[in-house]
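Below: the structure, in structure tokens.
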Amino acid sequence: MGVYDYDENEKQFDSPQAPPAQVGDILWVRETWSEWTDGYVYKAWTSPYPQPGRYTDKMMKWHPSIHMPKEAARIFLRVTDVRVERLKDMTLDDFLAEGVILRPEAFNDPENAYMQSKKLFIHIWDSTIKKEQYDLFGWDANPWVWVIAFERCEQPEGWCV
């Protein structure tokens, strides 16, 4: 897959920007984790209330996801598509795929569902951008973004050998 930039005369040239992944790549999901006598445990398995057979927050020393070792991974994703697009080209399906949640009744009017999901996504997107970088990366700047589609897959054979 080639990635191209354009100079001020709109002449195309190879971009130094490389895609963050390629179709077929296997990604591993990092999550908050800890170690227990029988191996790794994950914050997603815990309950704030004591329950038989469940880990509780008070029992564990949690480590942030950024420090999760590769061999602790339990969720794997196969990249199915990689492309670039303008941020404002997002559709309702794109907003929902990014995690925007709407009440079921919002879908009675597709335009309303789109507008509500867009508003929620803009709030989330802009909250991740430093104020001094809004002009470059905020919603109103309409930056080019990488779009990576994936599907869940099984742990690859020979993973982390």
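Key figures
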item	result
Verdict on ASP81 being loosely packed, with under 13 Cβ neighbours inside 10 Å and more than 24 Å from VAL29 (Cα to Cα)	no
Number of the condition not met by PHE107 [criteria: (1) farther than 24 Å from PRO19 by Cα; (2) in contact with a Phe, Trp or Tyr (Cβ under 6 Å, 6 or more places away or on another chain); (3) among the hydrophobic types (A, V, I, L, M, F, W, C)]	(2)
Residue that is nearest to ASP89 (Cα to Cα), among those in the range 125-147 that are assigned to a helix (DSSP H, G or I) and in contact with a Gly (Cβ under 8 Å, 6 or more places away or on another chain)	TRP125
Cross-chain or 6+ apart pairs with Cβ under 6 Å, the range 146-159 first and touching a residue at least 12 places away in the same chain (Cβ under 8 Å), then acidic (Asp, Glu) and not in a loop (DSSP other than H, G, I, E, B)	VAL147/GLU85; ALA149/ASP81
Matching residues, the range 12-53, being modelled with pLDDT of 70 or more and over 29 Å from the mean Cα position of the chain (by Cα)	THR37, ASP38
Selected residue [in a loop (DSSP other than H, G, I, E, B), over 17 Å from the mean Cα position of the chain (by Cα), exposed (fewer than 10 other Cβ atoms within 10 Å of the Cβ) and modelled with pLDDT under 95] from GLU111, GLU157, GLU105	GLU157
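The values are calculated or read from the model by the stated rules, or taken from the named source; none is laboratory data. Please read all numbers here as calculations on a predicted model, not as lab measurements. Quick reminder, even Gly has a Cβ in these numbers, built from the backbone with ideal geometry, and neighbours come from all protein chains shown.
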